[in-house]
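See structure below.
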Amino acid sequence: MDKNARTVAFRGGGFAPRGRAWVGFVVFAVLLGAAEWGTRSGLISPLTLPRPSDVVQTFSELYASGLLFAHLLPSLSRLVVGAAFGVSVGISVGLMMGLFSLVRAGLVPLVAAIFPIPKIALLPLFVIWFGIDEGSKYALIAFGTFTPTVVATYTAVDNVDRTLIRMGQSFGLSWLSIVRKIVLPGAMPGILAGLRISLAIAIILLVAAEMLGAEYGIGAYILEAGSLYDLERLFAGVVILSVLGVLVSSAIGAIERRVLNWRT
Amino acid sequence: MELRVDRVSHSYDGRKVLNEVTLDVPEGQIVCIVGPSGCGKSTLLRLMGGLEEPASGQVQQVGEAPAGCLNPLTYIFQDFALLPWRTVAGNVALALEDHALGRMEMRARIDGVLARTRLQEFGKALPRQLSGGMKQRVAIARALAVDPAVLLMDEPLSALDSQTRELLMDDLITLWTKTPFTAVYVTHNLAEAVRLGHRVVVLSRRPGEVREIVTLDQPLGQRSYGDTDLERTQKHLWGLMRDEAMAADAELVSG
Ligand SMILES: Nc1ncnc2c1ncn2[C@@H]1O[C@H](COP(=O)(O)OP(=O)(O)OP(=O)(O)O)[C@@H](O)[C@H]1O
Ligand SMILES: [Mg+2]
């Protein structure tokens, strides 16, 4: 071998995220293990952070007393109803904005004006409009998911390959067929990406709404625990939220794998 | 059915792209259109298929489309334009779904064109699993499925490597010899033009005008790679094109 020869150094690779679910679990486990060890050894005072095993204990008591579902079910139904409403209206309006220049011209400034409003600030208004009960909570979550969904949808429609649309026209497809078979599937990656953000926002708003006025619900549970400075229960509530977040995100991941299996 | 382009002119933003183009696409023949880059070939094809309206002049279809024809003027695009989320069969079906065909006829049409383009085994494959040449064959299958009266092809082979191009040219010739179809074939490749064209229309640089229409009499099936007659025609075409291409090139430099 020539002694002047060297192997060309590899410098490609990376920038290609791949599914490695276990890494997430390892990160969780390490953090929890550290917290458990810290609280047991006295390095972390119980006033700063509850012991993870105590949180698990509290959680199982919550489950045994039946209170878990008393809090979880109302929360879930608020989340589902509110988000379903906000997302479906958001996708429809976003499609309209993507397809008709008049609708777009009319609504883009409006959406830009609504987007930065912290929706929770409007809760008193929603209470007057939709009642103190479930109505105002549905409305808050719906409104909060609506704006990011709209923006994601019309940007996604913009990004649909125009040559595919021309192709559809050249085969004489009807307008409705073009929208249903070309525009909508083509916009699906963008819509689903938007959905991830919308649903995370929905969970945040759910808790906020329940903190401001609800007897049952995870938000109410967390608020109560917080005002009593009951850190174990506070964290049990937070864990429920995190699990909810992970579940929602993996559900969207599953939908993406099914619906977007055509992507390279 | 015949297609007739009658003194068509077109401009974009006040800049003339096509000037008084007149040409005929007789039934059962392939008309190739060649010309320097940017002379308006793609524009002309869009005008011929009704994807755009000419500023002046008109495009006319003469005679009736054949029986069973679902979409008289059908395009084959340079970048294939396949829906990535549909299978090969699904992409062909797309062109048929808006027509009230029975299940049986739909199936028969899809199977028929997949067989004609040698794609029977790939009906369930997704576009991302196919090579470029296969993708273009799917696009050809989709176009044939509607029994077009005139096929409008815009550089259908230029996204492919030269070997695949040769094979696909043979495919097109075989398809044509089995059942002659009418086609307009835009290309910048003169070898393709003399292999596939019954007529070759040479356009000048922008604004595109018809410089010459060359007729080739040799039957398609008898033309082969490296034929001396064809070479001579190709040289003649290149002679016509070269000045235009050079002038077009210089124009871009001087703005
Ligand atoms: N939609 C459009 N809007 C404005 N200008 C356009 C449009 N389409 C084409 N043009 C311009 O018209 C001229 C002719 O374009 P066209 O695509 O028809 O040329 P072409 O002969 O097909 O070129 P090429 O060989 O590069 O494919 C070009 O200068 C192009 O920039
Ligand atoms: Mg072109």
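The values are calculated or read from the model by the stated rules, or taken from the named source; none is laboratory data. What you are looking at is a predicted structure, and each value in this text was computed from that prediction instead of being measured. We place every Cβ from the backbone using ideal geometry, glycine too, and count neighbours over all the protein chains shown. To get the accessible areas, we keep the full protein, side chains included, count just its heavy atoms, and leave off ligands, DNA and RNA. Shrake-Rupley method; radii C 1.70, N 1.55, O 1.52, S 1.80 Å.
Is there a pair in B:LYS124/B:LYS178; B:LYS16/B:LYS235; B:LYS135/B:LYS235; A:LYS181/B:LYS135 whose C-alpha atoms are over 24 Å apart, and which pairs would that be? Beyond 24 Å: B:LYS124/B:LYS178; B:LYS16/B:LYS235; B:LYS135/B:LYS235. The HN-Hα couplings worked out from phi for segment A:11-19 by the Karplus form 6.51 cos²θ - 1.76 cosθ + 1.60 (θ = phi - 60°) are 9, x, x, x, 6, 9, x, 10, x Hz, whole numbers, x standing for Gly and Pro. Summary of packing: across the peptides B:98-110, A:91-103, B:135-147, the per-residue average of other C-beta atoms within 10 Å ranks them, highest first, as B:135-147, A:91-103, B:98-110.
Gyration tensor over the Cα atoms of the protein assembly as shown: the corresponding equivalent ellipsoid has semi-axes (square roots of 5 times the eigenvalues, largest first) of 62, 28, 23 Å. Simple spin-label estimate for B:THR228 and B:LEU167 gives 3.2 nm between the two label positions (7 Å along the Cα-to-Cβ direction from each Cα). For A:PHE69, B:PHE80, A:PHE85, A:PHE10, the ranking by accessible surface with the largest value first comes to A:PHE10, A:PHE85, A:PHE69, B:PHE80, using a 1.4 Å probe. Note on B:80-86: average number of Cβ atoms from other chains within 10 Å of each residue's Cβ is 6.
Solvent-accessible surface of chain A, taken per residue with a 1.4 Å probe and all protein chains present: 58 Å². Computed with a 1.4 Å probe on the full set of protein chains, the accessible area for A:LEU122 sits at about 40 Å². Here each label is just a point 7 Å from Cα along the line to Cβ, and for B:ILE213 and B:GLN129 those points are 4.6 nm apart. Here the Karplus relation 6.51 cos²θ - 1.76 cosθ + 1.60, evaluated at θ = phi - 60°, turns the backbone of segment A:150-159 into coupling constants of 4, 4, 4, 5, 6, 5, 5, 5, 4, 8 Hz, with x for every Gly and Pro. For the protein assembly as shown, the antiparallel share of DSSP beta bridges with both residues in that region comes to about 50%.
Solvent-accessible surface (1.4 Å probe) assigned to B:ASP227 amounts to roughly 30 Å². For the residues B:TYR185, B:TYR75, B:TYR12, a GNM of chain B with alpha-carbon springs under 10 Å puts the largest fluctuation on B:TYR12.
Each Cα pair under 8 Å and six or more residues apart adds its separation to the average, and for chain B the resulting relative contact order is 28 percent. DSSP bridge analysis restricted to chain B gives an antiparallel fraction near 50%, rounded to the nearest 5. Applying 1/(1 + (r/R0)^6) with R0 = 45 Å to the Cβ-Cβ distance of B:ASP249 and A:THR264 gives a FRET efficiency near 0.80. In this structure, B:GLU20 and A:ASN159 have a Cβ-Cβ separation that, at R0 = 41 Å, corresponds to a calculated FRET efficiency of about 0.60. Each Cα pair under 8 Å and six or more residues apart adds its sequence gap; the mean of these over the residue count of chain A is a relative contact order of 21 percent.
In this simple spin-label model, placing a label point 7 Å from the Cα along the Cα-to-Cβ direction at both B:GLU97 and B:GLU64 gives a separation of 3.1 nm.
Remark: chain B carries a charge dipole of roughly 600 debye about the Cα centre, counting +1 on each Lys and Arg Cβ and -1 on each Asp and Glu Cβ. When only Cα pairs below 8 angstrom with a gap of at least 6 residues are kept, segment A:1-113 shows a relative contact order of 9 percent.
A:TRP175 contributes an accessible area of around 140 Å² to the protein surface, as traced by a 1.4 Å probe with all chains present.
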